[in-house]
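The values are calculated or read from the model by the stated rules, or taken from the named source; none is laboratory data. Small disclaimer: the values here were computed from a predicted structure and weren't measured. Cβ sites come from the backbone with ideal geometry, for glycine too, and all protein chains shown count toward neighbours.
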């Protein structure tokens, strides 16, 4: 009897210990789940809910667009959306056609392009606080496309001077002094993309501003990427560039100072109205959070990681979002 009682007491004690251990394990599991849930919401974008929403993200086919497109992909995934990644579609016309047809739901576009190319307007404002709202209102009413946010950076057309010409000039040129230099030096060469001399937002703006026409004999037409390397090698005295291109500092080029001659190219998210209406507050908050830190200097830095250092655009995009606390 004593043995039996002792055994029973031991069994009861063991059972109680197991129950207590189970309770403790359950509490620990609950705490872990709670902690994990808290951690999942620590990122800025993780606080917004896009669960249940399918969204297809596109972009144009140059480095800055690849980075911006991958930022959208990573951010929407962080918010719980199901994302179809169609970044790197092609040029402007391809990306815009995909948006209008519904093949994609969103891509990043520039206010100057929206105004002059997609909407066919003239005489754009040189104030981004005016131009972007004007583009947004017109594109929404005519095409059902919503413009969300606006970047601080302005990736406008511009020119960069070669190392040799910059040194000879004692520093950076202005658009006027650049044109004066080409006029005084008939052998000076300006390298440009094929469409730039004829675009309404291209060379004509600098010629009108300076009052000097660049002769055909001083124009050399090259592919975009080659312009940077040939200008860096002093084979072009000046090269047409994009103001936030990371190859400008990486290749020792100097941006020609623009007092506000070239059309603005601040970027916004452009999204079909029906998709936008599925979660307007979340789309506004997420896209604004992505764009807010992107000054000219920061965007050029990110572009340089891809254009000059050969890093993967998706990796650069994600590391930027993590560094800003936007995603985990």
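Yes/no per residue for (1) in the same structural domain as residue 281 (by TED's automatic domain parsing); (2) in a strand (DSSP E or B); (3) modelled with pLDDT of 95 or more; (4) buried (at least 20 other Cβ atoms within 10 Å of the Cβ):
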| position | (1), (2), (3), (4) |
| --- | --- |
| 188 | no, no, yes, no |
| 191 | no, yes, yes, yes |
| 195 | no, no, no, no |
| 200 | no, no, no, no |
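Of the conditions (1) within 26 Å of residue 229 (Cβ to Cβ); (2) in a helix (DSSP H, G or I), residue 140 satisfies every one except a single condition; which number is it?
Unmet for residue 140, out of (1) within 26 Å of residue 229 (Cβ to Cβ); (2) in a helix (DSSP H, G or I): (1).
I'd like the full set of residues that are assigned to a helix (DSSP H, G or I), touching a helix residue (DSSP H, G or I) at 6+ places or on another chain (Cβ under 6 Å) and farther than 20 Å from residue 225 by Cα, limited to the stretch 43-94.
Hits for the stretch 43-94 are 45, 46, 70, 71, 74, 75, 78.
If you check residue 290 against the conditions, is it over 20 Å from residue 196 (Cα atoms), in the same structural domain as residue 131 (by TED's automatic domain parsing), surrounded by 19 or more Cβ atoms within 10 Å (Cβ to Cβ) and under 13 Å from the mean Cα position of the chain (by Cα)?
On the way: over 20 Å from residue 196 (Cα atoms): yes; in the same structural domain as residue 131 (by TED's automatic domain parsing): yes; surrounded by 19 or more Cβ atoms within 10 Å (Cβ to Cβ): yes; under 13 Å from the mean Cα position of the chain (by Cα): yes.
Here the answer is yes, as residue 290 does meet what is asked.
Looking for whichever is surrounded by fewer than 16 Cβ atoms within 10 Å (Cβ to Cβ) and on the phi > 0 side of the Ramachandran plot here; the options are 123, 127. Which one fits?
Going through 123, 127 in turn, the sole match is 123.
Would you check which residues across the stretch 143-154 are in a loop (DSSP other than H, G, I, E, B) and crowded, with 20+ Cβ neighbours inside 10 Å and list them?
149, 150, 151, 153, 154
Name the single residue, out of those in the stretch 205-225 being crowded, with 16+ Cβ neighbours inside 10 Å and under 29 Å from the mean Cα position of the chain (by Cα), that is modelled with the lowest pLDDT.
Across the stretch 205-225, the extreme among qualifying residues is 224.
Please state which one of 88, 111 is modelled with pLDDT of 95 or more and over 25 Å from residue 312 (Cα atoms).
Exactly one of 88, 111 is modelled with pLDDT of 95 or more and over 25 Å from residue 312 (Cα atoms), namely 111.
Residues are listed down the side, and each one gets a yes or a no for (1) in a loop (DSSP other than H, G, I, E, B); (2) over 15 Å from residue 159 (Cβ atoms); (3) not assigned by TED's automatic domain parsing to the domain that holds residue 178:
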site: 214; (1), (2), (3): yes, no, no
site: 217; (1), (2), (3): no, yes, no
site: 220; (1), (2), (3): no, no, no
site: 225; (1), (2), (3): no, yes, no
site: 230; (1), (2), (3): no, no, no
site: 236; (1), (2), (3): yes, no, no
site: 239; (1), (2), (3): no, no, no
site: 244; (1), (2), (3): yes, no, no
site: 270; (1), (2), (3): no, yes, yes
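Among (1) part of a loop (DSSP other than H, G, I, E, B); (2) without any contact (Cβ under 8 Å) to a residue 60 or more places away in the chain, which single condition is residue 97 missing?
(1)
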